[in-house]
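So the structure is just underneath, and the comments pick up after that.
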């Protein structure tokens, strides 16, 4: 009988766990930041120019449905077993969620608030930056949270192209028929997702102080 | 002060124009109330004054200049605007809301703060409310903040679209009274939109009664509307055949007295 989980193995590999955790975080954050840098202007543009929204959703939707394994395999001939290959794949999976939430967040701004802003003499750009975007923050951050949690899960797949963060342990365990690293990789990946999600929730509520006071008597 | 000349507005996809060939002169320092049933284009008419809506034809002149020749952003900063749902910015505190237009106009911090103090005193708002968010206020308080915000840069013109429509009758009456008192001091040119005839009679120096499709049926002082309605539509709309108004007219034959009685609640 082999043990399901050997703690001693974990203690022997602490340094490696730390390094892979850092890589996992790097792969994730970079993908979400780049994804947001692409999605934000596209979402703002699609909100204003509705005809543009459908094709954007189709393209990012198709990207989203490609199996991750296939996508990384298809990219490898061009970019090798590299960080770049991993990032291209990870970024493309964030786009659909992020663009959709940018557009939905802007759509959710009440019409009378926008009109009042215009009527008081905000220019179009001022309406966007001072009124629409601050009010869209909760929905946009919700999108960032989903995209981040999804990406943290996907990063493990990039272990197959020599990246992978905690995915490295999952793969290691599978190759050696040794359950400890597989379980460790999976649990740490989930743990990372939960922690990052909580942190983003904190960021969100610090960005929208007015939301916390919606119920005057709650305190 | 404001002059609409044969103004027509047709929205695409509708057979009947929202406003048809409307000509009205709104004199300086008066409250002109646009009143009529829904679909009479009263709000559309008001929005053409600050270019939230562009007329299909005709001209709108504000302070002697065709609005089509004015930059809409700076035009709007010079015209106060209050709407039914107030449109306070939910992400900004009361103080930040009131300070919106002065900030847009680039006032200094100290000038902005002084003005905000003045305004909350003028509108009888508690200074403790300044750091609250709009959703923490009562309906009446929100309306006051809306009026304070509209008055912030002391614009000569105010546009008010059913400003007291979303509050209960008692609060509405108090807000109406306060606005009339304020107007005694400020002498703004106010365009006031409502569907409530009683409110129109109470608030107006002149009433413009609009029919569906933005057709002007009568434009006159409240006592003239009551004593000399221009046509059947006005008679029906004002509701002369019913209730208190008729009684007062029969007994005293004195529309001015009736208006004084209605206004009496103001003091």
- Where residues in the range A:124-136 are in contact with a helix residue (DSSP H, G or I) (Cβ under 6 Å, 6 or more places away or on another chain) and either more than 10 Å from every other protein chain (Cβ to nearest Cβ) or under 12 Å from residue A:107 (Cα atoms) (or both), which of them is surrounded by the most Cβ atoms within 10 Å (Cβ to Cβ)? A:136
- So, first residue free of Cβ contacts under 8 Å to residues at least 12 places away in the same chain in the range B:215-239, second residue surrounded by fewer than 19 Cβ atoms within 10 Å (Cβ to Cβ), Cβ within less than 8 Å, six or more apart or across chains; the pairs are B:228/B:220; B:229/B:235; B:229/B:240; B:235/B:241
- Message: Criterion first (touching a residue at least 40 places away in the same chain (Cβ under 8 Å), buried (at least 23 other Cβ atoms within 10 Å of the Cβ) and either more than 8 Å from chain B (Cβ to nearest Cβ) or touching a helix residue (DSSP H, G or I) at 6+ places or on another chain (Cβ under 6 Å) (or both)) does residue A:121 satisfy it?
- Response: no
- Message: Could you go through the range B:96-109 and let me know if any residue there is at positive phi and within 14 Å of chain A (Cβ to nearest Cβ).
- Response: yes
- Item | Exclusive hit being touching a helix residue (DSSP H, G or I) at 6+ places or on another chain (Cβ under 6 Å) and modelled with pLDDT of 95 or more, set B:34, B:88 | B:34
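Let's see how each residue does on (1) out of contact with any strand residue (DSSP E or B) (no Cβ under 6 Å at 6 or more places or on another chain); (2) at pLDDT 95 or above; (3) within 30 Å of residue B:106 (Cα to Cα):
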{"site": "A:91", "(1), (2), (3)": "yes, yes, no"}
{"site": "A:100", "(1), (2), (3)": "yes, yes, no"}
{"site": "A:104", "(1), (2), (3)": "yes, yes, no"}
{"site": "A:111", "(1), (2), (3)": "yes, no, yes"}
{"site": "A:124", "(1), (2), (3)": "yes, no, yes"}
{"site": "A:132", "(1), (2), (3)": "yes, yes, yes"}
- Taking the condition surrounded by 14 or more Cβ atoms within 10 Å (Cβ to Cβ), touching a residue at least 40 places away in the same chain (Cβ under 8 Å) and closer than 30 Å to residue A:104 by Cα, does residue A:36 pass? yes
- Considering each residue of the range B:60-90, count those that are closer than 19 Å to residue B:134 by Cα, facing chain A (nearest Cβ under 8 Å) and surrounded by 21 or more Cβ atoms within 10 Å (Cβ to Cβ), and give that number. 6
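Quick grid of which residues meet (1) within 24 Å of residue B:163 (Cα to Cα); (2) out of contact with any strand residue (DSSP E or B) (no Cβ under 8 Å at 6 or more places or on another chain); (3) not in a helix (DSSP H, G or I):
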| residue | (1), (2), (3) |
| --- | --- |
| B:201 | yes, no, no |
| B:208 | yes, no, yes |
| B:219 | yes, no, yes |
| B:225 | yes, no, no |
| B:230 | no, no, yes |
| B:233 | no, no, no |
| B:237 | yes, no, no |
- Note on the structure: Within the range B:184-194, residues being touching a helix residue (DSSP H, G or I) at 6+ places or on another chain (Cβ under 9 Å) and crowded, with 17+ Cβ neighbours inside 10 Å number 6
- Verdict on residue A:83 being exposed (fewer than 15 other Cβ atoms within 10 Å of the Cβ) and more than 30 Å from residue B:134 (Cα to Cα): no
- Message: Every residue in the range B:149-176 that is in a helix (DSSP H, G or I) and either more than 14 Å from chain A (Cβ to nearest Cβ) or surrounded by 24 or more Cβ atoms within 10 Å (Cβ to Cβ) (or both), please.
- Response: B:149, B:150, B:169, B:170, B:171, B:172, B:173, B:174, B:175, B:176
- Query: Considering the range B:37-50 alone, what residues qualify as being within 16 Å of the chain's Cα centre (by Cα) and at positive phi?
  - Reply: B:41
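Looking at B:30, B:54, which is the one that is surrounded by fewer than 23 Cβ atoms within 10 Å (Cβ to Cβ), under 14 Å from the mean Cα position of the chain (by Cα) and more than 12 Å from every other protein chain (Cβ to nearest Cβ)? Give the derivation first.
Details: B:54 fails: under 14 Å from the mean Cα position of the chain (by Cα).
Only one candidate qualifies: B:30.
The values are calculated or read from the model by the stated rules, or taken from the named source; none is laboratory data. Since we're looking at a predicted model, the values are computed, not measured. Ideal geometry is used to build each Cβ from the backbone, glycine not excepted, and the neighbour counts take in all protein chains shown.
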